[in-house]
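The values are calculated or read from the model by the stated rules, or taken from the named source; none is laboratory data. Quick caveat: nothing in here was measured; it's all calculated off a predicted structure. With ideal geometry, Cβ positions are generated from the backbone for all residues, glycine too; neighbour counts draw on all protein chains shown.
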Amino acid sequence: MKTISKLLLLSISFFALSSCSPRLVGTWTVQKYQRATPGELGMSVSNVGRITFEKNGTGTKNLDYSLLGVSNKDATPFNWIATEEFITIEGDNSELSKTWIFIENKNDYQKWQSTDGANNIQSLELSKQ
């Protein structure tokens, strides 16, 4: 009986962690990337590039943008996992490698927010291709 309970709990946990996954699978255009500090003027860039999420929890980024004269190119692979509330992206030294909160989580539009640990709030807006 304990084995069945553990198997059922494991199955429910897997379903809860992957329930958002099909919505994300595919290629998305990063329409907007914004960085802001509360009480200060924020910075944003548009049409930053593309990000692709694969069914197996991997993905690739092809991003190219400039903030305050500093160019950022990010064309690296990553791993990801999503729940109903969060997405975590793991990869090499990247602005996107962190846990993000889903602000909007639709089939064709995503808005995420996170912080960088220095009181800066980052936002991403993505649209599905």
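Scan (1) modelled with pLDDT of 95 or more; (2) not in a strand (DSSP E or B) for the single condition Ile101 breaks and write down its number.
Condition not satisfied by Ile101: (2).
Please go through the range 85-98 and give me each residue that is modelled with pLDDT under 95 and in contact with a Leu (Cβ under 9 Å, 6 or more places away or on another chain), ordered by number.
Ser94, Glu95, Leu96, listed by residue number.
Across the range 99-115, what is the total count of residues that are under 23 Å from Leu41 (Cβ atoms) and in contact (Cβ under 8 Å) with a residue 12 or more places away in the chain? Talk me through it step by step, then tell me what you get.
Going through the range 99-115, the residues under 23 Å from Leu41 (Cβ atoms) turn out to be 100-101, 103, 111-115.
Now restrict to residues that are in contact (Cβ under 8 Å) with a residue 12 or more places away in the chain: 100-101, 103, 111-114.
Counting residues in the range 99-115 that are under 23 Å from Leu41 (Cβ atoms) and in contact (Cβ under 8 Å) with a residue 12 or more places away in the chain gives 7.
Please work out which one of (1) under 14 Å from Val30 (Cβ atoms); (2) part of a strand (DSSP E or B); (3) touching a residue at least 24 places away in the same chain (Cβ under 8 Å) is the condition Glu95 fails and give its number.
Result: Glu95 fails condition (2) only.
Restricted to the range 106-129, and to residues that are more than 11 Å from the chain's Cα centre (by Cα) and under 18 Å from Leu24 (Cα atoms), which residue is modelled with the lowest pLDDT?
Gln129
If only one of Glu90, Glu84 is surrounded by fewer than 17 Cβ atoms within 10 Å (Cβ to Cβ), of a type in the set (Asp, Glu) and either touching a strand residue (DSSP E or B) at 6+ places or on another chain (Cβ under 6 Å) or assigned to a strand (DSSP E or B) (or both), which one is it? Show your work before the answer.
On the way: Glu84 fails: either touching a strand residue (DSSP E or B) at 6+ places or on another chain (Cβ under 6 Å) or assigned to a strand (DSSP E or B) (or both).
Every option except Glu90 fails the conditions.
What tally of residues in the range 78-108 results from selecting those that are small (Gly, Ala, Ser) and more than 18 Å from Asn120 (Cα to Cα)?
Within the range 78-108, residues that are small (Gly, Ala, Ser) and more than 18 Å from Asn120 (Cα to Cα) number 2.
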